[in-house]
1. What about R453, is it open to solvent by 10 Å² or more (accessible area, probe 1.4 Å) and more than 30 Å from the chain's Cα centre (by Cα)?
2. Just to be sure, is N87 of a type outside the set (D, E, K, R) and in contact (Cβ under 8 Å) with a residue 60 or more places away in the chain?
3. Looking at region 171-203 only, could you name the residues that are farther than 21 Å from T122 by Cβ, in a helix (DSSP H, G or I) and among the hydroxyl-bearing types (S, T, Y)?
4. Among helices (runs of 4 or more DSSP H) lying entirely in region 561-649, which contain 1 or more residues that are within 24 Å of R449 (Cα to Cα), open to solvent by less than 50 Å² (accessible area, probe 1.4 Å) and at pLDDT 60 or above?
5. Taking the condition buried (at least 18 other Cβ atoms within 10 Å of the Cβ), more than 26 Å from P107 (Cα to Cα), modelled with pLDDT under 85 and touching a helix residue (DSSP H, G or I) at 6+ places or on another chain (Cβ under 8 Å), does A258 pass?
6. Is it fair to say L461 is hydrophobic (A, V, I, L, M, F, W, C) and either closer than 15 Å to M443 by Cα or open to solvent by less than 30 Å² (accessible area, probe 1.4 Å) (or both)?
7. Condition test on S360, is it modelled with pLDDT under 75, surrounded by fewer than 21 Cβ atoms within 10 Å (Cβ to Cβ) and out of contact with any Pro (no Cβ under 8 Å at 6 or more places or on another chain)?
8. Is it the case that T69 is modelled with pLDDT of 85 or more, open to solvent by 40 Å² or more (accessible area, probe 1.4 Å) and touching a strand residue (DSSP E or B) at 6+ places or on another chain (Cβ under 6 Å)?
Amino acid sequence: MNPTINPEYENLHQTALKAPPSSGVYLWRNSEGTVIYVGKAKSLKARLSSYFSGGQQIKTRLLISNAKTIEYITTANEYEAFLLENNLIKKYVPKYNIQLKDGKSYPSLKITKEDFPRFYKTRQIRQDGSQYFGPYPDAGALDVFIDTLYKVYPVRHCRTFKKREAPCMYYHIGQCKAPCCNKITKEAYNEFIGEISSLLEGKGEETAARITAQMKEAAARLKFEKAARLRDGLRALTIMQNQNIVEGFETEDRDYVAYYREGELVSFTVLKIREGKLLARDNFRAESLAEDEELVEEFAAAYYTDEQQLPPKIYVSEKDDTELLEKYFERKANTLQTTVEKVTEASSRRDIAALEMARSNAHEDIIRRVRERGDNPAMQELKELLNLDRLPVRIEGFDIAHIGGKFPVASLISFYKGNPDKKNYRYFRLKTTNGVIDDFASMREAATRRYSRLANEGKELPDLILIDGGIGQVNAVDGILKALGLDIPIAGLAKRDEEIWRPHASKPVCLPRRSDALRLLQRVRDETHRFATSRNQTLRTKENTVSVFASLPHVGEKREKLLIQAFTTLENLAASEEAKIAQVLHVRAFEAGEILLAARDALEKRNASKDMKKQLISYQLGEEQKNDESYASRLAESALSDLLVADSE
């Protein structure tokens, strides 16, 4: 059968296309629900999509032909994905996996429990009081890291510690303080070990800075081999410090429980740690109108019904959740025995990271659920509450982002049937408000440019426009729409109290927190804000990396820095004199003159560009609209309304 018309193939393909770009592990299951393949990915979306690209190998086609569903577990980083893949392959022994079936474990770093400890790589974990860090999927990186530690810290290399008359070679080359010869006290020696432990726990900023300094010093002295070793050690350090909740050395069983909700949709994720390893992730789906503080108890009553499922500890993130679960299990004490622990800032970073991973997976499950069902309830509720003539299938959202009036950007995002439609996202580099903080004018410009074009080209208009703001911004855009002769419903969502404003309304529409309609509007508003902010940051980065001084004649990297130091802005440079420029740059008079003339020419072009930008909206509206007195009157009324609102605020 042609895979392009096979419904099961298409379902698998769509699952791959809609997977998140984060790292994680994916599981292919057959029609019986059996796991037939487990894989890891730096980007789940990219990796899963590659299975459906052209030129598939025979083994890939065989896997797809036997698969019914794909599920995935997101992780904080690729390092966790390595470990989780290993655990799941050992648990399920999938038919199409050939690696890791030999039971091989990843190496760890061991710091021995002795008066003068040493550290080394090991694959055997013993309950002997030693400290263990890892495991680490990249054994080569661990070797490099250990080698770097020995060069940075003068600690013992010998396997067996015993007193000696004379120190060994490592003492004479500066790589050991010779505790065997009483050359260092126990307290001083263990300061080194404490720093190494902190480094592995992600707290070793000073040590990392020390390695960096040594690397730069070695490079300055042309000792490139040493610098390369230290550089490799720093790279290995980033791997060593990766947060890992997938596998550890605490053997006590425990569950991590977190949830995410969208309106009445609630998804709980339970991460099951057994014998120190993450072996399962359960998603528990529910529909509930209960308040947040009631959700955990409802979940526990439905999920923890079997004593065999209960671990000794269950971790949750909120204090209220802790108390509710404790009371629930107290009432069930005759049949269920467990304890509930709250994770606070003072708790282990591993526990906090585990709860964050659980919450991330719950959020991803909500995204899938909303996508699967569409958001018809929210659209229907919006239609009724806002008295719309038709269902708001297409919603367009606007937001403005700027830094002190600089780099103003308007984002336009589009939701179709309650879900993001990213191919219809747009952004506008605002031209009339650059350097001026005026959100009303910014909204007018963005709306003018968007909807005058749609009207002129006869393209489909949205069913609803959502503005990130209050009555002032809504009235500003409403004036533009009326001037263009367009009848598009418009609403504004004010962040402070989540109030919904309609044009020229005397009071807002307030919806319950659990309203589907409010949830959809919040999703649109948050997405517009994210999109605008990301574009604004891109522009700032671009502007900050390209200086106008660098484009002037006779100006290279060093002279550019001198000009920035002396004049800061193009305006200051253009107002200066040849002699001043010649003095700052140590150049001849004719070169300083050419620099000054080029600076004045660049400033003149910039000012001319600003004047043209101020006239942009009137040009875009067309000569006929500019001469329309009724249009001018309506625009003036809208501007007056904006001023009144601004004054009242």
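1. yes
2. The answer is yes for N87.
3. Y171, Y189
4. Here the list reads 589-614.
5. no
6. no
7. Taking the combined requirement at face value, the residue does not satisfy it.
8. Against the criterion (modelled with pLDDT of 85 or more, open to solvent by 40 Å² or more (accessible area, probe 1.4 Å) and touching a strand residue (DSSP E or B) at 6+ places or on another chain (Cβ under 6 Å)), T69 qualifies.
The values are calculated or read from the model by the stated rules, or taken from the named source; none is laboratory data. Because the structure is a prediction, the values reported are computed rather than measured. For neighbour counting, all protein chains shown are included, and Cβ atoms are generated from backbone atoms with ideal geometry for every residue, glycine included. Ligands, DNA and RNA are excluded from the accessible area calculation, which covers all protein heavy atoms including side chains. Shrake-Rupley method; radii C 1.70, N 1.55, O 1.52, S 1.80 Å.
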